[in-house]
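Asker: Dropping the structure in here first, questions after.
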Amino acid sequence: MPHPEVSSQHNRTPFVSRWIMAVSSGVLWVEQRAIMGLMYVLVALILLNVVTRYSGTPLYWVDESAVYSVVWLTFIGASAMTRLHLDFAMTLLTDRLSPRAVRIAEIIADFGVVAFALVLGWMCWLWLGPAGLARAGFDAKAFSAQSFNFVYTERTQTLNWPTWALYLILPLFSVTMVIHGLANALEDMDLAPRTTFEGFEMTQADGIN
């Protein structure tokens with residue numbers, strides 16, 4: 001997947017806007033490569049599962065690995081699609097609005113994405129309780145005894161991995177969605193030059209997404 005091409009108006013953009021746009025582009029670059037890597041991993045796991053089951057020696061950890069690969073791939077892909085404007089769009093109402101009203105609807109949708117991501121991040125903070133874990137001296141058992149939150153003591157069934165490490169995709173997703181949502185809002189408010197992504201002509205869709 002290619003690098004985004006930024007227009008020549010970059011130098012006239014306020015520093016904060018340039019910083020947000022740069023961070024968003026960097027996050028998107030990482031997400032694109034993570035998506036490709038996870039897709040390779042998922043295909044390899046599926047092929048391994050087919051071969052081992054056909055040979056009569058199934059590896060049960062492969063199924064769990066594939067499930068978690070799909071989960072991470074879904075959240076990372078959703079974040080990248082938001083920045084590329086490839087997510088689902090509802091145009092039944094906006095098709096009947098004036099260009100000015102469409103622009104306002106786009107900005108409202110952008111900040112709706114940011115608000116959703118912030119609420120999700122706040123819920124992840126309450127759920128994972130990093131402050132309580134720090135007060136417990138990063139002792140997972142002591143934290144569980146105090147809060148009855150066993151997220152740091154649970155492990156996956158076959159891989160025996162700590163589940164909290166796999167759950168980190170949720171707060172990570174909320175952070176990247178805030179960044180991409182702000183970048184989209186800056187573009188729609190003409191506070192930053194609109195980024196075009198080579199090979200993604202669909203990013204210029206008229207839908208509100």
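Asker: Output the residues belonging to the stretch 130-161 that are basic (Lys, Arg) and touching a residue at least 12 places away in the same chain (Cβ under 8 Å).
Answerer: Residue satisfying the conditions is 141 alone.
Asker: Being assigned to a loop (DSSP other than H, G, I, E, B), surrounded by 13 or more Cβ atoms within 10 Å (Cβ to Cβ) and not charged (D, E, K, R) is the filter here; which residues of the stretch 65-105 pass it?
Answerer: If the condition is that a residue be assigned to a loop (DSSP other than H, G, I, E, B), surrounded by 13 or more Cβ atoms within 10 Å (Cβ to Cβ) and not charged (D, E, K, R), then 85, 86, 89, 91, 97 are the ones that fit.
A short reminder: the numbers here are calculations on the coordinates, not readings from a lab. Predicted model, so just to flag it, every value in this text is computed and none were measured. Methodologically, a virtual Cβ is constructed for each residue, glycine included, from the backbone with ideal geometry; neighbour enumeration extends over all protein chains shown.
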